[in-house]
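Beneath this line is the structure, given in structure tokens, with notes to follow.
The values are calculated or read from the model by the stated rules, or taken from the named source; none is laboratory data. All of these numbers come straight from a predicted model, not from anything done at the bench. As a convention, Cβ positions derive from the backbone with ideal geometry for all residues, glycine included, and neighbour counts pool all protein chains shown. All accessible areas refer to the heavy atoms of the entire protein, side chains included, with ligands and DNA or RNA removed. Shrake-Rupley method; radii C 1.70, N 1.55, O 1.52, S 1.80 Å.
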Amino acid sequence: MSISIQDVEHVAKLARLELTEEEKAKYAEQLGAILNYAQKLNELDTENVPPTSHVLPVANVMRDDEPRPSWPIEKVMLNAPDEEDGQFRVPAVLE
Amino acid sequence: MSVLDLRLQELHDRLSGGELAVSDLVEASLSRIKETEPVVQAFITLDEEGARAQAAELDKQLKEGGERGLLFGLPAGIKDNIVTDGLKTTCASRFLSNYIPIYNATVMDKLRAAQSVTIGKLNMDEFAMGGSNENSAMGPTRNPWDPERVPGGSSGGSAAAVAARQVYFALGSDTGGSIRQPAAYCGVVGLKPTYGRVSRFGLVAFASSLDQIGPITKNVEDAVYVLQAIAGHDPMDSTSADVEVPDYTAALTGDVRGLRIGVPKEYLGEGIAPQVKDAVLAALKVFESLGATWEEVSLPHTEYAVAAYYLLASSEASSNLARFDGVRYGVRAENPDNLIDLYVKSRSQGFGAEVKRRIMLGTYALSSGYYDAYYLKAQKVRTLIKQDFDQVFEKFDVIIGPTAPTTAFKIGEQIHDPLTMYLNDICTIPVNLAGLPAISVPCGLADGLPVGMQIIGKAFDETTVLRAAYAYEQATEHHKLRPAAVGGA
């Protein structure tokens, strides 16, 4: 399993990461090694094995749809890097 | 001997008798931290003011009489991925270096109810990714037994702080061994409860199907009390189990007669250091002398666990860490070109190398064309690993083996080789994949460094795990050894 610089760039784009040339080369090598190791899983026949996403036998925990108080805006904004009038400020989404 | 070495019962008797105040405990903890922290570097944030205020409040209550919490007055250190209302919580990441939570994790509310005193927040690998604490953006914690060595990870600060007796107990989190492996490396007790036993609400998520909070303590008895305080169903965590919490003190009998122990041959085979193997075999002799029996068993899919784990945990991490976008909290890059650029630059500047590596691996495993080959395949192998345990537990009460293949390695020794680093978790990872409870207890020294024994139990049977661990501890002296590097032989 070898991972190309192009593969790394594609994945970085999906992950919203910007990598230096040095990082790209390093991750290409390291991810290749890890994925090579993961090939080990192909030794196992899992054709009829169900996947496990969660070990507990719980599904869809529901509650009544009743309004509950939420945090006051001032508190929610305490960690905001940039805010205006109780809203998170970001660069324009539409030109 | 420090007051922090007193057993819980005696400590509480002295508090009731007026011979000791909570402020004495807190001052003992703070002065021990001052003395040892230049070497150990376990804390990211020390909350002296908050701890003193809590102590004063508890001392006032002590004078007035009335009900006392289970952990009354005990100085506690908290891993820095557990959110604490008003107290900085960084996950050892540049991204959250100034993040001050506006609410408490459920475990923090439970500790407050149990009346322990929060001394501060402990170092870890960034976002709990790593096994050495070298991935902390705040710099590495050092092993109190040998400051040139790692304390393990990711809850390395928690284990080191307890080993150096800076706090009475600590909380850690365990996704692939992050409580048990550092406990083993630092010669203390670390318990990963059953998945769902302790609420994850307010634990900054790494891999949601694997993460679990648990205690790191200097002995098994303390682990019993801390687990009692933090366990239980929580409507705020939909994966928290609605299973009754038993009285864990029932485990403190010292009696393991008739206990059936399975010893997986895969946990004592290739890659396990001879001295580690010898220490575990010697521990099994102790169990025999106490009336337990053991037999070799097989967990045949063990060799596939690390590969399955790194695909699953990294996939979940890549999804969980998508929330760190620089919009609502954490770092925001300066002068982005547009909104996407704001996300990209903030994330690239905020995350460290290991976190980026795992996000990349997880994104790849979940990406179109590779999902079936990697993510789904790993989920299927997870099923096989869980079935291995189910089969052994039909005939045995607990499974015993080493916690880690070796003792603590040197800082810098493995950091450039992620795959070797990942293989340190070979004995702990399968337990997370199966969601089982397991404890690491000290079982001797190898060349002056602690060795940990792992005791794994059936789901929600922490009591048997703790009973076995306590009986072993009562019959041996290993847990009484103290690291010389921080002045306590």
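Remarks
- Cross-link pairs beyond the 25 Å C-alpha cut-off, checked among B:Lys34/B:Lys110; B:Lys265/B:Lys458; B:Lys218/B:Lys410; B:Lys265/B:Lys395: B:Lys34/B:Lys110
- Per residue of peptide B:375-382, the mean number of Cβ atoms on other chains within 10 Å of the residue Cβ is 6.
- In the context of the full protein assembly, B:Thr293 retains an accessible surface of approximately 80 Å², using a probe radius of 1.4 Å and ignoring ligands and nucleic acids.
- Relative contact order, percent, chain B [alpha-carbon distance under 8 Å, six or more residues apart]: 17 percent
- Amide hydrogen neighbours beyond the local backbone of A:Leu17, cut-off 5 Å, H modeled: none
- Normalised by residue number, the volume inside the convex hull of the Cα atoms of the protein assembly as shown is 162 Å³ per residue.
- Residues B:Arg197, B:Arg142, B:Arg165 ordered from highest to lowest accessible area at a 1.4 Å probe: B:Arg142, B:Arg165, B:Arg197.
- Most positive-pole-ward Cα, B:Ala365, B:Tyr375, B:Gln387, against dipole of the range B:358-398 from beta carbon charges: B:Ala365
- The interface between chain A and chain B buries about 5300 Å² of solvent-accessible area in total (1.4 Å probe, ligands and nucleic acids excluded).
- Amide H contacts under 5 Å for B:Thr118, placed H, 5+ residues apart: B:Ala76
- Taking a ≥ b ≥ c as the square roots of the eigenvalues of the Cα gyration tensor, the range B:76-210 is classed as rounded, since a/c falls below 1.5.
- Normalised convex hull volume, chain B, alpha-carbon set, Å³ per residue: 137 Å³
- ³J(HN,Hα) computed for each position of the range B:188-204 - Karplus, 6.51 cos²θ - 1.76 cosθ + 1.60, integer Hz, glycine/proline x: 10, 9, x, 10, 9, x, 3, 4, x, 6, 10, 4, 9, 4, x, 8, 4
- Amide H contacts under 5 Å for B:Leu299, placed H, 5+ residues apart: B:Lys265, B:Glu266
- B:Met138 accessible area, assembled protein chains, probe 1.4 Å, Å²: 80 Å²
- Using a Förster distance of 51 Å, the FRET efficiency for B:Ala53-A:Glu29 (Cβ separation, nearest 0.05): 0.50
- Computed from backbone phi with θ = phi - 60° and the Karplus coefficients 6.51, -1.76 and 1.60, the 3J(HN,Hα) list for the range B:106-121 is 4, 4, 6, 4, 5, 5, 4, 5, 7, 6, 7, 10, 7, 8, x, 10 Hz; x is used for glycine and proline.
- Dipole size of the range B:179-313 about its Cα centre, with +1 on Lys/Arg Cβ and -1 on Asp/Glu Cβ: approximately 220 debye, rounded to the nearest 20.
- Value of [θ]222 nm, deg cm²/dmol, for the protein assembly as shown, DSSP H segments ≥ 4, -39500 (n - 2.57) each, nearest 500: -11500 deg cm²/dmol
- Exposed-loop-free span, longest in chain B, where GluC sites (Glu not before Pro) count as exposed if DSSP calls them loop and at most 16 other C-beta atoms lie within 10 Å: B:149-243
- Table column - 3J(HN,Hα) (Hz), the range B:62-67, Karplus curve with 6.51, -1.76, 1.60, x for Gly and Pro: 4, 5, 6, x, x, 4
- Full-extension gain in nm, B:Glu303 to B:Arg257, via 0.36 nm per residue minus C-alpha separation: 13.3 nm
- Mean Cα-pair separation over length for the range B:80-228, i.e. relative contact order, pairs under 8 Å, 6 or more apart, %: 20 percent
- Label point 7 Å beyond Cα of B:Lys395 along Cβ direction - residues of the range B:288-316 with amide nitrogen under 18 Å: B:292-302
- Mean separation of Cα pairs under 8 Å and 6 or more residues apart, divided by the residue count, gives chain A a relative contact order of 20 percent.
- Charge dipole (the range B:177-323, unit charges on Cβ, about Cα centre) - positive-most of B:Gly258, B:Ala229, B:Ala279: B:Ala279
- Sites B:Ala282 and B:His233, calculated FRET efficiency, Cβ-Cβ separation with R0 35 Å, nearest 0.05: 0.35
- Cβ charges +1 (Lys, Arg) and -1 (Asp, Glu), total dipole of the protein assembly as shown, debye: 480 debye
- Ordering B:Ala404, B:Phe201, B:Gln474 by the projection of their Cα atoms onto the charge dipole of the protein assembly as shown, which places +1 on the Cβ of Lys and Arg and -1 on the Cβ of Asp and Glu, puts B:Gln474 at the extreme positive end.
- Unit charges on C-beta of K, R, D, E only; dipole of the range B:2-115, Debye: 340 debye
- Relative counts (whole %) of C-alpha pair distances in the range B:141-269, using bins that are 5 Å wide: 2, 11, 18, 19, 19, 17, 10, 4, 1
- Computed with every protein chain present, the accessible area of B:Ile340 is close to 80 Å² [probe 1.4 Å].
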